[in-house]
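Here is the structure we will look at.
The values are calculated or read from the model by the stated rules, or taken from the named source; none is laboratory data. Bear in mind that the values here come from a model prediction, so they are computed numbers and not experimental data. So basically every Cβ, Gly included, is an ideal-geometry build from the backbone, and we count neighbours across all protein chains shown. Each accessible area value is taken on the protein alone, full model and side chains, heavy atoms only, with ligands, DNA and RNA left out. Shrake-Rupley method; radii C 1.70, N 1.55, O 1.52, S 1.80 Å.
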Amino acid sequence: MRDVALRAGVSTKTVSRVFNDDPHVLPDTRALVEAAMRELNYVPNALATTFRAGRASVIGVAVPDVVDPFFAAIARAVEDTARRHGLSTLVTSLGENPDDERPALESLLGRQLTGLVIAPVGTDHSWLERWRGHTPIVFVDRAPVDLLTDTFTENDEAGAHLATTHLLSHGHRRIAYVGDMVHLSTETNRVEGWRRALRDAGVDVDERLVASQVSDRASAASALQRLRSLDEPPTALFSANARSSMALAHVLRGDPLPFVGFGDFPMADTLTPSVTVIDQDPRRIGALAAERVFARLQPDAGLGLDEVTVIDVSLVERESCAL
């Protein structure tokens, strides 16, 4: 930057203002600086910028699985928002083991990020408190445990109630709950929404109809086999997440059951039958989370911002309930 300033006959501050597209730089001065940048092939030193600012120009994104359509959409929305603010993103998968979460997050935070967006898998987040004073931390989809910080979640309980009520409206009374990690807050709330909808309709809740750890085709096939072997098998399914829904859609080919999935997924609308889903709008969640990071970087960051935001979900009716 000093070399560019010397070549253009201006201060290093003016070079910085030109590079950051400050509109108050005079046109003639801007032209001189830009010409010097081209002649010297100038690019900014990201490491020096990090040292000067005390943080890297990067937002970290940590999700259970970057291949999962829901979490991929969140990560992409964070990336799009960060890019508009001139920042890049660093994305990592946490996996499903809660014990792996802290080492992965500490590795990210050690890079002095501008902010961090997390869809957690762990069971204790109190240790993150010491990081919050330096780095804005925003949780998405799942609430943190033993930590109060910015959180954007869907209305899981209401969404599960809506899905189950929709199946009840089609005349079903034996509705199975098919999920994955039921210890997480999202699925805990969705199970409760399923139960409440049944109770509201005067239907006894049969816990044998709960199938957990369904995350791939093999586990989906095993769960369906067990459910169908009950003395009163289910006549419909509520799938608690997109990954379970995708596995079920494959296994149910040729021997379908009516079902509703929590969370849309690729090609859900083109399958035969197309799948009715609860839409979570993950791109909106990711964008809101990223914007909250930037809001927390402002001097008046604490003014007028709710730390916990619950986002409404909606039913997208397709063909899978009319079987």
Original post:
Which of the residues that make up region 236-267 are out of contact with any Leu (no Cβ under 9 Å at 6 or more places or on another chain), over 24 Å from D312 (Cα atoms), in contact (Cβ under 8 Å) with a residue 24 or more places away in the chain and open to solvent by 10 Å² or more (accessible area, probe 1.4 Å)?
Top reply: H250
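Right, R284: touching a Pro at 6+ places or on another chain (Cβ under 7 Å) and either over 30 Å from V205 (Cα atoms) or surrounded by fewer than 13 Cβ atoms within 10 Å (Cβ to Cβ) (or both) or not?
Values: touching a Pro at 6+ places or on another chain (Cβ under 7 Å): no; either over 30 Å from V205 (Cα atoms) or surrounded by fewer than 13 Cβ atoms within 10 Å (Cβ to Cβ) (or both): yes.
Against the criterion (touching a Pro at 6+ places or on another chain (Cβ under 7 Å) and either over 30 Å from V205 (Cα atoms) or surrounded by fewer than 13 Cβ atoms within 10 Å (Cβ to Cβ) (or both)), R284 does not qualify.
Quick grid of which residues meet (1) without any contact (Cβ under 8 Å) to a residue 12 or more places away in the chain; (2) part of a loop (DSSP other than H, G, I, E, B); (3) open to solvent by less than 10 Å² (accessible area, probe 1.4 Å):
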| residue | (1), (2), (3) |
| --- | --- |
| V91 | no, no, no |
| G95 | no, yes, no |
| L128 | no, no, yes |
| T135 | no, yes, yes |
| T153 | no, no, no |
Subject >> Of residues in region 5-43 being free of Cβ contacts under 8 Å to residues at least 12 places away in the same chain and among the basic types (K, R), the one least open to solvent (accessible area, probe 1.4 Å) >> reply: R17
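Residues P273, P233: which one is at pLDDT 95 or above, open to solvent by 20 Å² or more (accessible area, probe 1.4 Å) and in contact with a Lys or Arg (Cβ under 9 Å, 6 or more places away or on another chain)? Give the derivation first.
Details: P273 fails: at pLDDT 95 or above.
Every option except P233 fails the conditions.
This table checks each residue for (1) open to solvent by 20 Å² or more (accessible area, probe 1.4 Å); (2) touching a Gly at 6+ places or on another chain (Cβ under 9 Å).
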| residue | (1), (2) |
| --- | --- |
| A158 | yes, yes |
| H161 | yes, yes |
| M181 | no, no |
| E192 | yes, no |
| A201 | yes, no |
| D206 | yes, no |
| V210 | yes, yes |
| Q213 | yes, yes |
Subject >> Any hit, region 218-227, residues being hydrophobic (A, V, I, L, M, F, W, C), more than 25 Å from F70 (Cα to Cα) and surrounded by 19 or more Cβ atoms within 10 Å (Cβ to Cβ) >> reply: yes
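Give the residue, chosen from F265, F238, that is of a type outside the set (D, E, K, R), in contact with a strand residue (DSSP E or B) (Cβ under 8 Å, 6 or more places away or on another chain) and modelled with pLDDT under 95.
Result of the check over F265, F238: F265.
Could you tell me which residue of region 57-72 is surrounded by the most Cβ atoms within 10 Å (Cβ to Cβ), considering only residues that are farther than 17 Å from G110 by Cα and among the β-branched types (V, I, T)? Give the derivation first.
At the first step, the residues of region 57-72 found to be farther than 17 Å from G110 by Cα are 63-72.
Of the ones still in play, those that are also among the β-branched types (V, I, T) are 63, 66-67.
Numbers: V63: 25, V66: 16, V67: 10.
Going through the qualifying residues, I end up with V63.
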Original post:
Name the residues in region 287-303 that are in a loop (DSSP other than H, G, I, E, B) and either open to solvent by 20 Å² or more (accessible area, probe 1.4 Å) or aromatic (F, W, Y) (or both), would you?
Top reply: L297, Q298, P299, D300, G302, L303
**OP:** For region 97-120, enumerate the residues that are under 19 Å from T186 (Cβ atoms), open to solvent by less than 10 Å² (accessible area, probe 1.4 Å) and either small (G, A, S) or not in a helix (DSSP H, G or I) (or both).
**Re:** V117, I118, A119, P120
Original post:
Is it the case that some residue within region 84-107 is acidic (D, E) and within 17 Å of the chain's Cα centre (by Cα)?
Top reply: yes
